[in-house]
1. Quick one: in the range A:213-225, which of the residues that are aliphatic (A, V, I, L, M) and open to solvent by 10 Å² or more (accessible area, probe 1.4 Å) is nearest to the other protein chains (Cβ to nearest Cβ)?
2. Would you tally the residues in the range A:428-444 being in contact (Cβ under 8 Å) with a residue 60 or more places away in the chain, at negative phi, touching a helix residue (DSSP H, G or I) at 6+ places or on another chain (Cβ under 9 Å) and open to solvent by less than 50 Å² (accessible area, probe 1.4 Å)?
3. For the structure I just gave you, tell me whether residue A:91 is surrounded by fewer than 22 Cβ atoms within 10 Å (Cβ to Cβ), under 22 Å from the mean Cα position of the chain (by Cα) and not acidic (Asp, Glu).
4. Would you please name the residue that is modelled with the lowest pLDDT, looking only at residues in the range B:172-183 that are open to solvent by less than 50 Å² (accessible area, probe 1.4 Å) and either among the small types (Gly, Ala, Ser) or assigned to a helix (DSSP H, G or I) (or both)?
5. Identify the residue in the range B:3-20 that is more than 7 Å from chain A (Cβ to nearest Cβ) and polar (S, T, N, Q) and, among all such residues, is farthest from residue A:172 (Cα to Cα).
6. Among the residues of the range B:386-395, which ones are facing chain A (nearest Cβ under 7 Å) and either part of a loop (DSSP other than H, G, I, E, B) or open to solvent by 30 Å² or more (accessible area, probe 1.4 Å) (or both)?
7. I need the full set of residues from the range B:358-385 which are touching a Ser or Thr at 6+ places or on another chain (Cβ under 6 Å) and surrounded by 15 or more Cβ atoms within 10 Å (Cβ to Cβ), in order please.
8. Looking at the range A:189-212, which of its residues are part of a loop (DSSP other than H, G, I, E, B), out of contact with any Pro (no Cβ under 7 Å at 6 or more places or on another chain) and either more than 10 Å from chain B (Cβ to nearest Cβ) or not small (Gly, Ala, Ser) (or both)?
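The values are calculated or read from the model by the stated rules, or taken from the named source; none is laboratory data. All values reported here derive from a predicted model rather than from experimental measurement. Cβ atoms come from the backbone with ideal geometry, glycine included; neighbour counts cover every protein chain shown. Keep in mind that these areas ignore ligands, DNA and RNA; they rest on the heavy atoms of the full protein, side chains included. Shrake-Rupley method; radii C 1.70, N 1.55, O 1.52, S 1.80 Å.
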2 protein chains.
Amino acid sequence: MPGATDQTLRPFLWRAQKMFPDREVVSRTHEGVQRYTYAEYGDRVAQLANALSAAGLGDGDRVGTFCWNHHRHFETYFGVPSMGAQLHTINPLLPDHHVQYIVENAADRLLFVDPSLVEKLDEAYDEEAFASVEQFVVMGEEVPDTDLSPVTDYESFLADEDAAYDWPDLSEDQPAGMCYTSGTTGKPKGVEYTQQMLWAHTMASLPEAGLDLRSSDVVMPVVPMFHVNAWGMPFSTTAAGAKHVYPGPSPTPADLASLIEEEGVTLTAGVPTVWLGLLDYLEENDADMSSLETIVIGGSAAPQSVIRRFDEEYDVDVLHAWGMTEMSPIGTVARLKPGMESLPKDQQYDKQAKQGLLIPGLEMRVVDDDGEEVPWNGEDFGELWVRGPWVTTEYFERPEANQEDFEDNWLKTGDVVTVDEEGYVKIVDRAKDVIKSGGEWISSVELENTLMANDGVAEATVVGVPHERWQERPVAFVVPAAGTDEDALKAELVEMVKAEFPKWWAPDEVVFIEEVPKTATGKFDKKVLRDQYDDQSLVEGKTPEDAAPDADD
Amino acid sequence: MPGATDQTLRPFLWRAQKMFPDREVVSRTHEGVQRYTYAEYGDRVAQLANALSAAGLGDGDRVGTFCWNHHRHFETYFGVPSMGAQLHTINPLLPDHHVQYIVENAADRLLFVDPSLVEKLDEAYDEEAFASVEQFVVMGEEVPDTDLSPVTDYESFLADEDAAYDWPDLSEDQPAGMCYTSGTTGKPKGVEYTQQMLWAHTMASLPEAGLDLRSSDVVMPVVPMFHVNAWGMPFSTTAAGAKHVYPGPSPTPADLASLIEEEGVTLTAGVPTVWLGLLDYLEENDADMSSLETIVIGGSAAPQSVIRRFDEEYDVDVLHAWGMTEMSPIGTVARLKPGMESLPKDQQYDKQAKQGLLIPGLEMRVVDDDGEEVPWNGEDFGELWVRGPWVTTEYFERPEANQEDFEDNWLKTGDVVTVDEEGYVKIVDRAKDVIKSGGEWISSVELENTLMANDGVAEATVVGVPHERWQERPVAFVVPAAGTDEDALKAELVEMVKAEFPKWWAPDEVVFIEEVPKTATGKFDKKVLRDQYDDQSLVEGKTPEDAAPDADD
């Protein structure tokens, strides 16, 4: 069979070291801002690989990290997988029992941990769950007080090692990375990334249709390196030969502004709240943002107001992206197409606020309950299914979840979306939250947005509750603003919905509550409301005449 | 084993069809300039796949093309491999016996042939060699007078077919393409491209470090589609969602200028002579080149004067690229690094005239006769070895050639190069032409360039001839310009070489000849000269005292 050599991360490291030896890696750490070049980075990565080999680690062994974004964490990104081991990045914000489950499930043999997270790991430590862990390495120059054992500091771990390593020829099927989904319900599910998946995702991140990374770029991933490889940017930035800036532990908006200004950051990336915080900071403080060209926003939907403010006030392009742990993670990017730059700004922002266009190399379908593809008209919606060379086809040791979330190598994303005529995907709901009424789907998110636009509403959430005839019907749970007339508000809200959507989208009930129950991560906990309402399941007689889906709507 | 779906061409076709349905494919054909959209392109590609299926073709069958650059040829690029068959592009400029060898070796079952090439194929036809060919399809609306049989025209072949095709899930190891190297000596060697190799090469072509293709680009490959997939541009242009312009059979400089002007071409690509021709044309004729941003030059070295003229006179960036049939084909691209744009123009042109930087995803080494890597100092040279996901590791059914040209999955390119401190590769010779003297290498190409800079020299070539003590010594064969004093010229030439290179590079002999023998493709035929000189092998006594490699030089 004809063929070529395997797709692995090694060439990216090699190329940066050899062709961009003087480009910098800058890192804000517990010890202050540090900087070195790709040449030195390559030396230290080789030292790390030698240290891991000396510690008896090798082919297929899992190495966990419990770290923020800094150069040492970045060293593990190439050092661990390129010597044949598997980099398992652990989210230190998870509850202790999840950390325990993850470490036990992955059977990590060595754990790298940040000085500021040693205490947290001490708390999460459980002898049985951590039975596989043979060594702890603290990411600094010394070891703080801890019960973790045996433990050493990173600089001592590397100190005596050679700065050259004979990187092996790995198979592209070799597991290189691992990350657990932090689902709000159930146990976290492990996703393994092969060398090939990370190679393919890196190559796909580089062009215009991805993140458009160039060797002249200065890239600062604010998204944590434990969140799906910081969206792959440590790899793609290296492949581009660009400069890295890592913001370290718990960066404040002032830290970010100062790094952008001092290091000439051109592209940065993170969740919306980070950028809201930066906008607020910039209103009160002077900082030179002129180097900044692009902010990649993902993790949750980028509010259009954020896109607008960065464009109008700072001439910064917000690039809205969507992905999943299961997708290494990038799937779509909301870049404007040629010609769209002449549209009115509002229409441009509308496109940019969508999740965007699937990037080259992937395929998608949007299917209704019967598995039929829905038309691309910006209105019909269905569940988004995705497949491609950096989309996993299974979870680690979770056959029951595999049955639920995959079909014929398609990943069922659990996101309910519309696709417009130009191919821009927009998430309208989560599959578990969409309300299925009379064979049609109602978006709980769109109803919530409409309700919350009313000044009389402090908070609102809409859930589907069981209904004998229509299967489900929407019920709104509303926290009224202080001093609101509830009866008047109720009528007003129903009218608002009917004005904007088909009449049968109007909630059958508007229930006033004191507070919307929230999950540990602050999201609306619809499950609690659904359970509360279950006993009062709607009966047919309570449904308004015009609640049925109607072809005329 | 964890994994994702296979890397195939299908997603590129799907994405262009669905997300850029209105972008155009423009084609200059025998019937005039034609244009349609990706939407129509997708329909026709599906029709083609249905027609091929109806003709009994499928998994693993080879389909040959004998065609120029036009939309129908482009339809075979996705239609043939995406239905599971293998696209074998045949160079119609080859001598008949090579065409026969190639068709027989590949066992093509169907041949697509251009109307203007039917006569040529008629001549090349040989019943035994073409025994595998079951059908000929002429790329047009009618069939010219021909003995080829059975034969039909392409539009009839497609006419009754459905414009939808259920594209199969192919393995990434499936052979998708095939091209033969047109070596000047020996039989052509077949290179097979798997779906994965073409996928990887496409992804690698898109970013800045490759061709930097964007959806707003208008791409015109002048390099023939039978030359290693037109450097992959039909695939990469589609993946980018850019507009295609195909210049059709035998385009003149006037045709190219007119297509650039009328279609707004932003990026075009071809061998140096094409662009010399265009420069000459533009000196005498008015044409608006303002849309043109980049000319990719490959196939042979881009003269620095061409790079300079396009920059100074037309503000067009020449992107010098190097590759091989064995490499799908792109390996290096001479793009300037960040900061280099502030260098004096001459230094920029020096960099751009080199073959450039290896693109991300590949690895290379430059080795001397002992297999040791030579330093990257812009002076030491050795043979370039390359490996990576779009570099083949074998020839089709040629075990003896495999032994010679591959080692441990490295492709020995046969090019002798220097690499400078910044990683820019420069070809200084072919391995078979480099002169090996006393354990050191002398570049025949650099000597030739120096000799030809003398006004008294019409043509010159330098070959290594066997030498008892030094293994080989350079001998220059010079065609003097009319009226030159040969004795004075000889002394002058030796001095010129000594002034520019180590003294032991000076040719031991300068032999005046009437004409440099040439190969069928117009290149200097050094083999003839070597054979002629063989009887007069140099003896030790004839070597000048200072001809030995000297550590002081």
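1. Keep residues of the range A:213-225 that are aliphatic (A, V, I, L, M), which gives A:213, A:218-220, A:222-223, A:225.
Subset that is open to solvent by 10 Å² or more (accessible area, probe 1.4 Å): A:218, A:222.
Numbers: A:218: 10, A:222: 23 Å.
So the residue we want is A:218.
2. 5
3. Spelling it out, residue A:91 is indeed surrounded by fewer than 22 Cβ atoms within 10 Å (Cβ to Cβ), under 22 Å from the mean Cα position of the chain (by Cα) and not acidic (Asp, Glu).
4. Only one residue fits best here, namely B:183.
5. Once the filter is applied, the top-ranked residue is B:17.
6. B:387, B:388, B:389, B:390, B:391, B:393, B:394
7. Result: B:358, B:381, B:384.
8. A:208, A:211, A:212, listed by residue number.
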